[in-house]
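Participant: One structure follows; several queries about it will come next.
Derivation of every value follows stated rules applied to the coordinates shown; laboratory data play no part. This one's a predicted model, so the numbers in the text were calculated from it and none came from an experiment. We place every Cβ from the backbone using ideal geometry, glycine too, and count neighbours over all the protein chains shown.
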């Protein structure tokens, strides 16, 4: 085998091929912690995240959880629940509150998108979906108000009935505002806070108005 | 399934060269995931089309289709993508509040790329065809002036298009030039139709065109 040491490879053998290297800023290593987990783990993880956010809305403190780990399941559930409860039971079964149902949807989602655009234009550093997440989750107190109002409306109508409903709606309205400003205010520059909060105020005001003026036929 | 079991026991002899044959035969490794990938999308479309037959309630149909679309979005994004083709995408918020989108692709390994051919085909077909159907619904709803359904159709299009876009970006893997992607995709198709059996054998040394 002595002759093998004399073998040399010439330097000008062309080596070609095609290598596609994924951009490292966008693609990471195969993250086995989430990519390989079982389906049940994924479901439980997401359910727990949703539940935690509901808790955060009920006891609003300044924290980043709602912002960091956003999801839109809570807003969807709340929107559907609110829209279902805001239906008028009409005699004619063909148009069974169809337009009102879609109307609630459009108001909630279109309103949330508009507020988000407004806060982004004012220079806030919050991303689109984070803002939608916060606004959607903070509808929870108003959904509770709707539930209470529907129960109260089962009793006889009258001024007392109206005062009770007014009180409940006002309390829940302030709760929504407090919860959402606790999360959103930090993302705005200080001199623009009022400008960013004002549309949120309007948004929840419109929803509260719909709740207060609801009467089942 | 019975046939596959019989084949397994027959091939229990230590014949390592036959592993790729075995893997090739088991075409669908995740039947449940494949089923659910198509189930939610197709039933959303079917419910939307046939809602007049089931019940005259606009609200019931709206809520059902919306829930099916949401479940479909979640399951395709979180489950079937990573099980069937090994891709995943999500949004990550940094410490300073900036959000960015992250796209992950599983590295192709020889054992995996053979067995998941059928699954990948089903995955991509389901992913592409359904948004097109919802776009057709959009125009039909618009022109028949049933505008209360428009909200639902727009929701459907945005949810399904979001998944499609996310997975296309995952698959592109950082390659931003659409022309190059199309060219390589078409050349893959030509190879596949020319010699399907040879193409699927992972033994083609060094010629790893197949990147899932």
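Participant: Given a Förster radius of 30 Å and the C-beta distance between residue A:163 and residue A:198 as r, what FRET efficiency does 1/(1 + (r/R0)^6) yield to the nearest 0.05? Don't skip to the answer; put the middle values down first.
Facilitator: On the way: r = 28 Å, r/R0 = 0.93.
It comes to 0.60.
Participant: Right, something else. Starting from the 7 Å offset along Cα-to-Cβ, what nm value, one decimal, do you get for the label separation of residue B:120 and residue B:135?
Facilitator: Taking the simple label geometry, residue B:120 and residue B:135 are separated by 2.4 nm.
Participant: Here is a further query. Using a Förster distance of 51 Å, how high is the FRET efficiency between residue A:121 and residue A:47, based on the Cβ-Cβ distance and rounded to 0.05? Before the final figure, lay out each step's value.
Facilitator: Details: r = 35 Å, r/R0 = 0.68.
Efficiency for this residue pair is about 0.90.
Participant: Oh, and also: Fewest Cβ neighbours within 10 Å first, please rank B:37, A:56, B:30, B:92 accordingly. Walk me through the intermediate numbers first.
Facilitator: Numbers: B:37 24, A:56 20, B:30 15, B:92 12.
Ordered from fewest to most neighbouring Cβ atoms within 10 Å, B:37, A:56, B:30, B:92 come out as B:92, B:30, A:56, B:37.
Participant: Could you give the C-alpha radius of gyration of the range A:97-217 expressed as a fraction of 2.2 N^0.38 Å, taking N as the number of residues it contains? Please list the in-between numbers first.
Facilitator: Details: Rg = 15.7 Å, N = 121, 2.2 N^0.38 = 13.6 Å.
For the range A:97-217, the normalised Cα radius of gyration is 1.15.
Participant: What percentages, rounded to whole numbers, describe P(r) for the range A:135-183 computed over all alpha carbon pairs with 5 Å bin width beginning at zero?
Facilitator: 5, 24, 27, 18, 13, 8, 5, 1
Participant: Round to the nearest 0.05 the FRET efficiency obtained for residue B:29 and residue B:91 when R0 = 22 Å and r is the Cβ-Cβ distance. Walk me through the intermediate numbers first.
Facilitator: Numbers: r = 29 Å, r/R0 = 1.30.
FRET efficiency, residue B:29 to residue B:91: 0.15.
Participant: Can you give me the orientation-averaged projected area of the convex hull built on the Cα atoms of the range B:28-191, in nm²? Display every interim value, and only then the final one.
Facilitator: Working: hull surface 50.3 nm².
Convex hull of Cα atoms, orientation-averaged projection: 12.6 nm².
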